[in-house]
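What follows is one structure encoded as structure tokens, with my remarks underneath.
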Amino acid sequence: MDKNYKTAIGMMSGTSMDGIDAALVRIFNDFSFEILNTHSLDYPQEIRKKLLEIANNKGLTADICFMDFVVGKLFAQCANELLEKSNIKAGEVDYIASHGQTVFHSPQPQEIGGISTGSTLQIGNISVIAQLTGIKTIGDFRSKDIAAGGQGAPLVPFADELIFKKDKNRAIQNIGGIGNVTVLSKECDTFAFDTGPGNMLIDYFVQKLFDKPFDKNGEIASCGNVDEKWLNELLKEPYYSLEPPKSTGRELFNENYAKKIYKTAPDNKNNVITTLTALTAKTIFDAYEKFVFPRTDIEQIVLGGGGAYNCTLIKFLEHYFKNRLEIKTHNDFNINDKFKEALAFAMLGFCTIEKIPSNLTHCTGAKKRVIMGITACP
Ligand SMILES: Nc1ncnc2c1ncn2[C@@H]1O[C@H](COP(=O)(O)OP(=O)(O)O)[C@@H](O)[C@H]1O
Ligand SMILES: [Mg+2]
């Protein structure tokens, strides 16, 4: 008898470029799931630096070509470490679904020689992953949606619908490098958009001013005050007023952006981090006020991504939202916050194999639903 589930590894590395998160999961035919184990592999400093260079449009073509294979090897290493610590053999895994590492995402059509198109590039070569793990590997999830006229993002809302159903009106708020929300409501179609910076600007300034990779648990931010004048200045960024569907990334909130805003930053370096942490929370709140609440009430926010561990950020969210809604995290639903997106890509990979369209056109703007992802066999 055919088994009614697939065993998969979902892998994700987001805009933070902190490293790779992998989840070993069992996905059943009705899309229920079990997370069997998880594993993370931090990017070595040198590799992160090179990836940031490329993402900031300062890399050479040769760098992109080389790093595609380097990152492919790291994804394979991460998957193999996960298998080893789980005592599972490659032969027992049906597929790997790898998002890869986005190095550029340009959803708005650009024109050259009479041809107009959006574009996106995730590196971490799937042939390399398939070879080094011995497991069929699915990747390049975003291209087909762009080819169908969409933005190629966001893709996680498809998984959010399956995970949370619509038994309550919820905002699933991921706080990775960028903040993004999926709105699940009985009153409207699922919609989603990027709220603005998540941890990206916080990370940049914690590294620059405190020589630490990120603000663990929001401790640095908890020691400072919000500089309201600077915060109001930062809130003038036009992205925040754009109507959804919209998505953003390092193409906007990059090193140049950080350098520009630093010119008007407060002298006290704790206050810089506190204000940027408040910025993430305030832009989330403002985005809901402008674009979510007019369409539907929300009873609950479910936070996810690394930002869900930032206690100061959560305090700011509680402050802005007051008691208007309940604030939970994925952990409250037995899904580790850090691995939710890895789980989401495992679900998208399941759809590739089962030939199920997995883009939500309301979210990406694509003209039609398409089966996403391409496959490399070992
Ligand atoms: N314990 C923690 N406290 C505060 N922030 C954290 C913690 N752990 C992770 N983060 C933040 O989350 C980021 C990584 O989040 P992640 O969800 O992996 O984002 P991405 O999808 O962009 O890679 C880190 O760069 C850091 O800013
Ligand atoms: Mg990450």
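The values are calculated or read from the model by the stated rules, or taken from the named source; none is laboratory data. Everything quoted here is computed from the prediction, not taken from an experiment. Here the Cβ is made from the backbone with ideal geometry for all residues, glycine too, and neighbour counts use every protein chain on show.
Observations
- Condition met for D42 (in contact with a Ser or Thr (Cβ under 8 Å, 6 or more places away or on another chain) and within 16 Å of ligand 2 (Cβ to nearest atom)): no
- D21 meets the stated requirement of being surrounded by 16 or more Cβ atoms within 10 Å (Cβ to Cβ), touching an Asp or Glu at 6+ places or on another chain (Cβ under 8 Å) and either modelled with pLDDT of 95 or more or not assigned by TED's automatic domain parsing to the domain that holds I123 (or both).
- Listed here are the strands (runs of 3 or more DSSP E) enclosed by segment 78-194 that have at least 2 residues being among the β-branched types (V, I, T) and assigned by TED's automatic domain parsing to the domain that holds I9: 95-112, 115-123, 137-139.
- Filter result (charged (D, E, K, R), more than 16 Å from Y288 (Cβ to Cβ) and over 16 Å from the mean Cα position of the chain (by Cα)) within segment 239-263: E255, K259, K260, K263
- Residue in segment 318-329 that is under 23 Å from M12 (Cβ atoms), in contact with a Phe, Trp or Tyr (Cβ under 9 Å, 6 or more places away or on another chain), outside the structural domain of I202 (by TED's automatic domain parsing) and within 16 Å of ligand 1 (Cβ to nearest atom) present: yes
- Among residues of segment 310-335, those that are buried (at least 18 other Cβ atoms within 10 Å of the Cβ) and polar (S, T, N, Q), counted: 3
Residues checked against (1) assigned to a loop (DSSP other than H, G, I, E, B); (2) away from ligand 1 (no atom under 16 Å from the Cβ); (3) in the same structural domain as V272 (by TED's automatic domain parsing); (4) in contact with a Pro (Cβ under 6 Å, 6 or more places away or on another chain):
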{"residue": "D286", "(1), (2), (3), (4)": "no, yes, yes, no"}
{"residue": "E289", "(1), (2), (3), (4)": "no, yes, yes, no"}
{"residue": "G307", "(1), (2), (3), (4)": "no, no, yes, no"}
{"residue": "I314", "(1), (2), (3), (4)": "no, no, yes, no"}
{"residue": "L348", "(1), (2), (3), (4)": "no, no, no, no"}
{"residue": "C351", "(1), (2), (3), (4)": "no, yes, no, no"}
{"residue": "I356", "(1), (2), (3), (4)": "yes, yes, no, no"}
{"residue": "R369", "(1), (2), (3), (4)": "yes, yes, no, yes"}
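- All positions within segment 10-38 that are within 16 Å of ligand 1 (Cβ to nearest atom) and either over 15 Å from F345 (Cα atoms) or part of a loop (DSSP other than H, G, I, E, B) (or both): G14, T15, S16, M17, D18, G19
- Close contacts from segment 306-318, counting a first residue that is within 14 Å of ligand 2 (Cβ to nearest atom) and a second that is hydrophobic (A, V, I, L, M, F, W, C), with Cβ to Cβ under 6 Å and a gap of 6+ residues or different chains, come to G307/I175; G307/L313.
- A single member of I54, I64, I47 is surrounded by fewer than 19 Cβ atoms within 10 Å (Cβ to Cβ), within 16 Å of ligand 1 (Cβ to nearest atom), in the same structural domain as I356 (by TED's automatic domain parsing) and not in a strand (DSSP E or B), and it is I47.
- Test: residue in segment 27-34 that is more than 16 Å from ligand 2 (Cβ to nearest atom), in contact with a helix residue (DSSP H, G or I) (Cβ under 9 Å, 6 or more places away or on another chain), among the aromatic types (F, W, Y) and assigned by TED's automatic domain parsing to the domain that holds L132: yes
- For K6: the one exception among (1) over 19 Å from N125 (Cβ atoms); (2) out of contact with any Ser or Thr (no Cβ under 9 Å at 6 or more places or on another chain); (3) within 16 Å of ligand 2 (Cβ to nearest atom): (3)
- All of (1) surrounded by 22 or more Cβ atoms within 10 Å (Cβ to Cβ); (2) touching a helix residue (DSSP H, G or I) at 6+ places or on another chain (Cβ under 8 Å); (3) aliphatic (A, V, I, L, M) hold for A346 with one exception: (2).
- Residue within segment 190-207 that is in contact with a strand residue (DSSP E or B) (Cβ under 9 Å, 6 or more places away or on another chain) and of a type in the set (D, E) present: yes
- Hits in segment 209-238 - residues which are at pLDDT 95 or above, assigned to a loop (DSSP other than H, G, I, E, B) and either under 25 Å from the mean Cα position of the chain (by Cα) or β-branched (V, I, T) (or both): D211, K212, F214, D215, V226, L235, K236, E237
- Some residue of segment 118-130 being closer than 24 Å to D63 by Cβ, within 16 Å of ligand 2 (Cβ to nearest atom) and either surrounded by fewer than 24 Cβ atoms within 10 Å (Cβ to Cβ) or acidic (D, E) (or both): yes
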